[in-house]
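Report on the following structure.
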Amino acid sequence: MQVLVEETKKLRRASASIRDGGMIHVKVPRHWSRDLKRSAIEELVERLQRKDAQEKKLLDKASDQARITITTQAELERFVRQVNADTFNAPLGKVQLGYSRYNHLAQVNLRTKTMTVSKFCLQNAPVEALRYLIIHELAHYYESGHGPNFWALVGQHVPDYRLQSRIMKAFHHQAVIDDEKAQTLTEPDSSGADSNPSLIPPAIPPSRPRRKSPYASPPRNAAEKTGQKTTPAGKKRAVKQAASPAASPEHDKTGLIPDFVKQLQLWINR
């Protein structure tokens, strides 16, 4: 595995993760000594390589499980509702596909009763492990935490939930690595030069367009509508035009003066 080391100024302890198609990302505090950095990097890399080997070995043992592939939200909802009908009959709301890579395999929103399952858990997934994942989330409708009562609920329908949990986590992690590796290998080389696919740097995801807040104030002028910046001179000119009387006789000569000021002027002049 390739190792990418990043020195961070405000970091207090070292950390490492496998990302970008199998590359090990290591972060170490910049103020550490050289020897301390080297020992931390070696320990973290060795630990991750050992974990990666254990995950692959665990998935090999689970290769005899039946497999299922779910590609659409309708298929996912059908599978989840069938598991719910066979187990808890929980007050399940909406079921939707998620795109979590590193944080949550699945999660529920107890306020909206919505369940979200990461798409990386659904491609050629072990059926028993995926069923455990759904039952785990359904149990949260009755127990929000992970205390003894929660695991007792899960154990009623999945006696070997510890094993299935390890299989599901390993499957999700390896699925994310395989997906990132496929994206990296298919990334076109803009330089036109031949390069080793294993050394291609990870693709930078495109930045998302900034969403406009529904509470934002309306644009004050035409320049703001088009997104152009108004120069100070332009602002002065806009203020001068607003303050000057309108050319048309039908237009109110008070220009952009608020209504309550207009009413006050009419009351004074009568």
One finds, for residue 53 and residue 104 with R0 = 30 angstrom and r their Cβ-Cβ distance, a FRET efficiency to the nearest 0.05 of 0.75
Compute the Cα gyration tensor for segment 67-185, then decide on rounded, prolate or oblate, letting a ≥ b ≥ c be the square roots of its eigenvalues: rounded whenever a/c is under 1.5, prolate when a/b is larger than b/c in the other cases, and oblate in all that remain. prolate
Difference of contour (0.36 nm per residue) and Cα-Cα distance, residue 2 to residue 34: 9.5 nm
Of the listed peptides 108-115, 56-63, what is their order by residue-averaged count of other C-beta atoms within 10 Å, with the highest listed first? 108-115, 56-63
Could you give the nm distance between label points at residue 45 and residue 178, where each point is 7 Å from its Cα heading toward the beta carbon? 2.7
Please give the FRET efficiency for residue 67 paired with residue 142, using the beta carbon to beta carbon distance and R0 = 35 Å, rounded to the nearest 0.05. 0.75
Determine, from the Cβ-Cβ distance of residue 9 and residue 169 and an R0 of 30 Å, the FRET efficiency 1/(1 + (r/R0)^6), rounded to the nearest 0.05. 0.40
Between residue 4 and residues 5 or more places away or on another chain, the pairs with built amide H atoms under 5 Å apart involve 24, 25, 26
Per residue of segment 115-122, what does 6.51 cos²θ - 1.76 cosθ + 1.60 with θ = phi - 60° give for ³J(HN,Hα)? Whole Hz please, x for Gly and Pro, Karplus curve as stated. 10, 10, 10, 5, 5, 6, 9, 10
Short version: ³J(HN,Hα) in whole Hz for each residue of segment 40-57, in order, from phi by Karplus 6.51 cos²θ - 1.76 cosθ + 1.60 (θ = phi - 60°), x for Gly and Pro, what are they? 5, 5, 4, 5, 5, 5, 4, 5, 5, 5, 5, 5, 4, 5, 5, 4, 5, 5
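Every number here is computed from the coordinates shown, using simple stated rules; none is lab data. These figures come from a predicted structure and were not determined experimentally. Reconstructed Cβ throughout: ideal geometry from the backbone, glycine too, with neighbour counts over all protein chains shown.
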